[in-house]
1. Going by amide H atoms built from the backbone, whose H comes under 5 Å of the H on Ile255, apart from near neighbours?
2. In the Gaussian network model of the chain, springs joining C-alpha atoms below 10 Å, which of Ser76, Ser16, Ser253 carries the largest mean-square fluctuation?
3. Mind listing the phi-derived Karplus ³J(HN,Hα) values for the range 110-124, rounded to whole Hz, using 6.51, -1.76 and 1.60 with θ = phi - 60°, and x for any glycine or proline?
4. Once you have a ≥ b ≥ c as the square roots of the Cα gyration tensor eigenvalues for the range 1-65, tell me rounded if a/c is under 1.5, and otherwise prolate or oblate according to whether a/b is larger than b/c.
5. Using only the alpha carbon atoms of the range 74-219, find the Kirkwood hydrodynamic radius as the inverse mean reciprocal pair distance, in angstroms to one decimal.
6. What list of ³J(HN,Hα) values in whole Hz, one per residue of the range 144-160 in order, does the Karplus curve 6.51 cos²θ - 1.76 cosθ + 1.60 (θ = phi - 60°) give from phi, with Gly and Pro shown as x?
7. Rg to Rh for the range 125-190: what is it, with Cα atoms only and Rh by Kirkwood?
8. Consider just the alpha-carbon atoms of the range 49-89 and return their Rg together with their Dmax, both in angstrom.
Amino acid sequence: MIDFFTESHSAQVVNSRMGPVVEPRLRMVMESLIKHLHVFVKDIELKQEEWDSAIEFLTQCGQMCSANRQEFILLSDILGVSMLVDAINHRRPPQATENTVLGPFHVDNAPIREYGAAISLDGKGESCLFEGTVKDLFGQPIEGATLDVWSDNADGFYDVQQTGIQPTWNNRGRFVTAADGKYRFQGIKPVSYPIPDDGPVGQLLARLGRHPWRPAHMHFLLTAPGYERIVTHTFVNDDPYLTSDTVFGVKESLIQNFAPTPTESTKWKAQFDFVMHQEASE
Ligand code: BEZ
Ligand code: FE
């Protein structure tokens with residue numbers, strides 16, 4: 001048993017202070033966290049001023065948080081941690097649609113809209129028809145699947161970022177599939193936009209020589225009784241930021257073809273089929 005703190009045994013000393021009755025998962029998580037944190041500090045021989053500015057940075061992140069802004073999630077996003085946690089927790093059969101981050105702009109209880117209805121209410125942007133089928137792993141259509149969809153408007157803002165400027169529920173809606181599993185809605189071709197970068201996370205990105213942009217995408221949250229929920233987005237295939245998404249959300253399988261439709265009333269068509277897999281039974 002080591003009692004006193006030393007540089008060489010620092011992590012062991014800290015971990016040895018845990019009491020005898022600690023919830024096993026918490027013990028495992030904390031022991032590993034302390035071990036890796038101390039290795040990191042030793043590896044870079046952290047200077048006192050650097051530790052002080054790290055504390056100042058975290059303080060600023062906390063001060064930036066409000067009911068509408070979560071700077072710590074944004075930090076986790078740009079460090080790739082959100083996508084790593086998501087990947088570990090959503091390993092799926094290869095045919096199933098891949099997951100990606102929810103992001104800060106989802107709003108519960110968007111209006112349920114009819115098959116083919118418009119979600120874009122502000123008259124801006126290039127019209128785009130989104131359509132496809134929700135299927136199971138065997139290619140069978142899923143009836144009663146809900147697709148909750150949301151995107152930015154043509155100026156690169158979600159409605160919740162511009163209350164009083166954009167119509168409420170602009171570029172949002174929920175669609176429920178019938179027996180053929182099909183969905184269809186009229187939106188706009190989404191545009192790329194920067195994540196909120198007016199806080200400490202934005203300053204960090206700038207110091208790291210990184211841009212704050214996300215490639216254009218349409219968000220989808222799919223639920224269906226008996227199937228695992230899918231949180232994902234589809235990405236516009238010609239976007240310049242596809243390979244440098246600041247939150248690492250792009251997966252190749254989620255890049256969607258946006259086809260021009262010169263002879264039709266909609267400017268673009270974007271077809272995408274979703275594949276859900278059944279929830280594991282406990
Ligand atoms: C989004 O796609 O809405 C998003 C995701 C992560 C951070 C910021 C925005
Ligand atoms: Fe988004």
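The values are calculated or read from the model by the stated rules, or taken from the named source; none is laboratory data. Here the structure is a predicted model, which means the values were calculated and not measured. Heads up, the Cβs are rebuilt from the backbone with ideal geometry, glycines too, and the neighbour counts pull from every protein chain shown. For the accessible areas, the whole protein counts, side chains as well, though only heavy atoms, and no ligand, DNA or RNA atoms are used. Shrake-Rupley method; radii C 1.70, N 1.55, O 1.52, S 1.80 Å.
1. Phe235
2. Among Ser76, Ser16, Ser253, the largest GNM mean-square fluctuation belongs to Ser16.
3. 4, x, 6, 10, 6, 3, x, 5, 8, 9, 8, 10, 9, x, 9
4. On the way: a/c = 2.62, a/b = 1.40, b/c = 1.87.
Oblate.
5. Working: mean 1/r = 0.0589 Å⁻¹.
That comes to 17.0 Å for the range 74-219.
6. Along the range 144-160, the couplings run x, 7, 9, 10, 9, 10, 7, 8, 6, 8, 5, 8, x, 10, 7, 4, 5 Hz.
7. Values: Rg = 14.1 Å, Rh = 13.1 Å.
Here Rg/Rh amounts to 1.08.
8. 12.2, 37
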